[in-house]
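Down below is the structure, laid out as structure tokens.
Values in this text are rule-based calculations from the coordinates and carry no lab data. Note that the structure is predicted; figures quoted are calculated from it, not measured. Note that we place each Cβ from the backbone using ideal geometry, even for glycine, and neighbour counts take in every protein chain shown.
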Amino acid sequence: MPTDFEAEGVDRTRLGRLLARERSTFVDRHPRSAAAYADAGHLFGKVPMTWMNKNAAGFPVYLDRARGARVTDVDGNEYVDFCLGDTGAMAGHSPAPVVEAVTRRLADLGGAATMLPTEEAASVGAELTRRFGLPAWSFTLTATDANRWAIRLLRAVTGRPRILVNSYCYHGSVDESLIVVGPDGRPRSRAGNVGAPCDVTTTSRVAEFNDLDGLARELAHGDVAAVLMEPALTNIGIVLPESGYLDGVRALTRQHGTYLVNDETHTFSAGPGGATAAWDLTPDVVTIGKAIGGGIPVGAYGLSAELAADLTARTDLDLVDMGGVGGTLAGNPVSVAATLATLREVLTDEAFAGMAETAARFAEGVGALFAEYALPWSVSRLGARVEYRFVDPAPRTGTESARCADADLEDYLHVYLLNRGILMTPFHNMALMCPQTTVEDVRRHHEVFGDALGELVG
Ligand code: PMP
């Protein structure tokens with residue numbers, strides 16, 4: 001949401017001047033990207049997806065190639081990639097085991113769209129069970145669809161109409177999730193919601209993250225099929241759960257007969273079994289996507305044994321044909337092969353340990369720079385994922401975090417880093433580590449980030 005928040009410690013005139021200078025440098029260094037953007041008149045918004053117009057300098061950096069933690073653009077500029085496709089490439093770009101598995105399936109064996117299962121799918125299910133604890137898995141192509149289909153199943157099994165989410169959550173383009181707590185404390189549609197099929201307050205309820213009283217109040221209506229949440233918010237900065245909050249959520253959902261869905265698409269950064277395993281959580285459903293495919297589109301949802309049995313017993317539900325849960329290419333052999341390779345050979349338990357260590361260094365260094373420049377800003381970490389916000393202490397709800405976005409400051413830092421070979425996530429001040437991210441990469445970031453802060457507030 002657009003805010004009029006201005007980070008403490010920043011002279012706006014100086015920020016404006018530096019941002020203009022960096023944007024101009026960006027234009028000079030990216031002539032081919034600029035031309036590609038200018039020539040894309042037959043794309044809606046001149047980009048493959050309109051969100052690609054979210055960039056700090058007026059046009060996107062166009063990809064030439066990417067490998068591991070490195071990206072090279074069409075102008076030949078190389079970047080250390082801390083964006084990693086906002087988690088889609090948490091396994092690193094084109095990891096060798098995934099390339100081999102996909103090549104084997106696509107080129108050697110063939111059969112990307114046969115509508116036939118492969119034996120590998122069961123192995124993926126077993127590995128997801130080992131990691132997340134839930135015993136019955138099904139595939140989608142995106143995390144959005146994993147959430148959509150989980151929602152349909154849980155509405156069906158409870159006979160309840162509503163879904164509850166946290167204010168300023170993001171679960172993909174899921175209609176039910178585009179609701180926030182308004183300034184008057186009442187639920188309302190998220191600003192800018194495009195073409196909502198109906199008033200979201202009739203399909204959804206909302207509570208602030210870390211607010212058990214608010215959650216209890218909303219669940220007391222008795223009409224909530226499921227709470228869909230990230231165990232830590234990650235899409236409005238990282239908002240970590242306070243002690244006892246997640247236990248409270250579980251107790252309240254049980255008390256009110258509401259299912260609990262952990263969306264682990266981003267919180268997977270917490271460890272091999274996401275926050276669910278790292279924090280001993282016991283959701284009824286886990287949804288996930290992005291990173292598990294090692295760069296190939298895939299999503300998945302896992303159900304508890306009881307829920308799977310209840311659904312299977314419901315012979316009135318059409319889970320086979322036109323019931324509204326499914327997709328032709330979901331569970332396709334290429335996605336499945338890529339996921340198995342990613343889980344078995346790339347995002348292993350050992351890899352996660354290394355990524356978390358690298359991320360800890362990243363967070364420490366950023367915190368040290370804030371201290372050096374006496375900036376009252378904060379940095380949070382969730383395993384391999386690090387994010388800073390321009391307030392201290394870190395926000396404890398989505399709404400608090402949404403309020404402290406400073407667009408010009410973010411753009412300045414992003415474009416300054418881009419101009420010096422560091423790629424951050426466009427929607428965030430987020431840095432993600434993949435298995436190939438090195439301590440030297442982190443050191444390089446800190447050097448450039450320190451220079452950016454020095455010019456701004458030094
Ligand atoms: N859930 C969460 C928590 C996400 O962060 C996202 C995407 N950022 C999604 C779901 C949707 O993922 P996709 O766009 O791949 O469907």
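Counting only Cβ charges, +1 for Lys and Arg and -1 for Asp and Glu, the dipole size of the chain around its Cα centre is about 520 debye. Projected label points at Ala122 and Asp28, each 7 Å from Cα along the beta carbon direction, are separated by 6.3 nanometres. Summarising the strand pairing of the range 96-346, around 50 percent of its internal DSSP beta bridges are antiparallel. Each of Ala226, Ala277, Cys198 was scored by the projection of its Cα onto the charge dipole of the chain, and the greatest displacement toward the positive side belongs to Cys198; charges sit on the C-beta of Lys, Arg, Asp and Glu. With the helix formula -39500 (n - 2.57) applied to DSSP H stretches of n ≥ 4, the chain reaches a computed 222 nm mean residue ellipticity of -11500 deg cm²/dmol.
Of the GluC sites (Glu not before Pro) found in the range 1-58, the ones in coil according to DSSP and having at most 15 other Cβ atoms within 10 Å of their Cβ are Glu6, Glu8. For the range 165-264, the antiparallel share of DSSP beta bridges with both residues in that region comes to about 40%. Give me the angle, in degrees from 0 to 90, between the Cα long axis of helix 349-372 and the longest principal axis of the Cα atoms of the chain, rounded to the nearest 10. Helix 349-372 sits roughly 40 degrees off the main axis of the chain. Would you mind checking the range 256-270 for residues with the amide N under 18 Å from a putative spin-label position 7 Å along Cα→C-beta of Ala216? Within reach of a label on Ala216: 256-258.
Between Ser94 and Glu364, the contour length at 0.36 nm per residue exceeds the Cα-Cα span by 94.3 nm.
Extending 7 Å from Cα along the Cβ direction at Val320 and again at Met115 yields two label points whose distance is 1.4 nm.
When +1 charges are put on Lys and Arg Cβ atoms and -1 charges on Asp and Glu Cβ atoms, the dipole computed for the range 96-346 relative to its Cα centre reaches about 200 debye. As a rough footprinting exposure proxy, the listed residues Lys54, Lys46 were ranked by other beta carbons within 10 Å of their own, and the order from fewest upward is Lys54, Lys46. At an R0 of 25 angstrom, the distance between the Cβ atoms of Thr72 and Leu106 translates into a FRET efficiency of 0.55. If both residues of a DSSP beta bridge must be in the chain, then about 65% of such bridges are antiparallel. In terms of other Cβ atoms within 10 Å, Leu382, Leu134 run from fewest to most in the order Leu134, Leu382.
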